[in-house]
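Colleague: One structure, as structure tokens, below. Some questions next.
The values are calculated or read from the model by the stated rules, or taken from the named source; none is laboratory data. Keep in mind it's a predicted model, so treat the numbers as computed, not measured. With ideal geometry, Cβ positions are generated from the backbone for all residues, glycine too; neighbour counts draw on all protein chains shown. Heavy atoms of the whole protein, side chains included, go into the accessibility calculation; ligands, DNA and RNA do not. Shrake-Rupley method; radii C 1.70, N 1.55, O 1.52, S 1.80 Å.
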Amino acid sequence: MKGIFYGIGVGAGKKDELTLKALETIRKCGVIIFPNKSREDCRSYQLVKEALPEIESRELIFCDFPMTKDKDKVEAAWADAAKKAVQALKNESVAFLTIGDVSIYSTFFYIKGLVEKEGFACKIISGLPSFCAVAARLGTSLAQDDQQIHVIPDAENLQAAFELSGTLIFMKIGKKLGALKEFLIKHQDEILEFGAVSNCGFEDEKIIKSPDQLDEGCYLTVAIVKTKKSGLRESEKTDGFSHKFFQNRSCKSFPCHKDVPEEDFNCLFCYCPLYALGTSCGGNFKYTEKGIKSCIKCNFPHFRENYDKITARFPEISVIADENNFNKKNNNK
């Protein structure tokens, strides 16, 4: 009986992030292939063994895929792995495990093509992508509204990457992490938000809040970067709306009010112009015992969409300013 060749994403490092479907599929496979030369170095093995100790009773195959640009060596490694998979598939189903999601930069798809040529069926079991897990660890969103997401798998042309609009995800940088680190430090003034995680989900996980903290020796590092231009929505960049939104994330108080999504927090009206309207401002204010108007619980001016509502009331503020000027002149007579 012919088996099925399964490509299974096992998530980003925590056993409780393995999907039920992944666990169920691994259980029914008699042979499991791992994309590392030894179990000591294999993250996917460590993760699955913790969740399914019984895999030790299966045939475990560890394949060495060299990190090289030598096409002949790489293709030879693929062919060797495919040969082992095909041999096992003649009798039972085989699982090829990879961290993250199998559809994102996985060696599985090179093996899959060779296995399919031998007449065997292949199926994909998705897993939690590493950059989604990293975003969760950092407590940030990858995109809002019409923002774009760009996955950058190298450090060849970082300047071109920085010209892209939206969120930049740097992964698979490997030995060139030092080049990324140097570039980000140099362009720190252009960065609106930065966060990275090394070895996400594993015991040696490290959360990184600043580019200068990047460890050049850690291959499994995913960095999420939002440039200052990405803080604007696509429509705001092209339709003359860029003057309506501004963020100062270097401010020690940012964000100074709660209940406003951080990516939509507008710092433009740090000092609210509607304050001058007193009880007619429309905000969530109160007067203290000393008669001082307190706006500490008001977040109205910090919502991105309230720009037009605020500027629409500028004529009222102008009237008050004229009245104040008139009164000052009369008092000085």
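Colleague: Take the Cα atoms of segment 136-206, build their convex hull, and give its volume per residue in Å³.
Modeller: Hull volume normalised by residue count: 102 Å³.
Colleague: Considering the dipole of segment 106-225 built from charges on the beta carbon (Lys and Arg +1, Asp and Glu -1) around the Cα centre, which of Leu184, Thr221, Ala160 is farthest to its positive end?
Modeller: Checking the options against the dipole of segment 106-225, the answer is Thr221.
Colleague: Provide Rg over Rh for segment 136-293; use the alpha carbon set for both Rg and the Kirkwood Rh (inverse mean inverse pair distance).
Modeller: Radius of gyration relative to Kirkwood radius: 1.08.
Colleague: With all protein chains present, how much of the accessible area of the chain (probe radius 1.4 Å) comes from carbon and sulfur, to the nearest whole percent?
Modeller: With neighbouring chains kept in place, the figure for the chain is 51 percent.
Colleague: Eigenvalues of the Cα gyration tensor times 5, then square-rooted: what semi-axes does that give for the chain, in whole angstrom, largest first?
Modeller: 56, 20, 17
Colleague: DSSP loop trypsin sites (Lys or Arg not before Pro) in segment 114-163 with at most 15 other Cβ atoms within 10 Å of their Cβ, which ones?
Modeller: Sites meeting the loop and neighbour criteria: none at all.
Colleague: Counting other Cβ atoms within 10 Å of each Cβ, which trypsin sites (Lys or Arg not before Pro) in segment 1-97 have at most 12 and sit in a DSSP loop?
Modeller: Lys28, Lys69, Lys90
Colleague: Taking just the C-alpha trace of segment 52-179, give me its Rg and Dmax in Å.
Modeller: Expressed in Å, the Cα Rg and Dmax of segment 52-179 come to 18.1, 52.
Colleague: Could you please tell me the mean projected area of the C-alpha convex hull for segment 1-125, averaged over all directions and given in square nanometres to one decimal?
Modeller: Numbers: hull surface 28.2 nm².
Result: a mean projected hull area of 7.0 nm².
Colleague: Still on this model: Which is the longest stretch in the chain that no exposed loop site breaks, taking sites as GluC sites (Glu not before Pro) with a DSSP loop state and at most 13 other Cβ atoms within 10 Å?
Modeller: So the longest stretch without any such site is 1-155.
Colleague: Then there's this: I'd like to check one number: the per residue accessible area of segment 68-124, probe 1.4 Å, reported in Å² as a whole number.
Modeller: Values: 3140 Å² over 57 residues.
That works out to 55 Å² for each residue.
Colleague: Could you identify which residue out of Asp145, Asp264, Asp204 has the top mean-square fluctuation in a GNM of the chain using Cα springs shorter than 10 Å?
Modeller: Fluctuation is largest for Asp145.
Colleague: Still on this model: Over 21 Å between C-alpha atoms is what I'm after, so list which of Lys186/Lys209; Lys181/Lys252; Lys258/Lys290 land there.
Modeller: On the way: Lys186/Lys209 16 Å; Lys181/Lys252 24 Å; Lys258/Lys290 25 Å.
Long pairs (Cα-Cα over 21 Å): Lys181/Lys252; Lys258/Lys290.
Colleague: Starting from the Cα coordinates of segment 91-137, work out the convex hull volume and express it per residue in Å³.
Modeller: Enclosed volume per residue, from the Cα hull, is 69 Å³.
Colleague: Once every DSSP H run of n ≥ 4 in the chain is given -39500 (n - 2.57) and the sum is divided by its residues, what mean residue ellipticity at 222 nm do you get, rounded to the nearest 500 deg cm²/dmol?
Modeller: -8500 deg cm²/dmol
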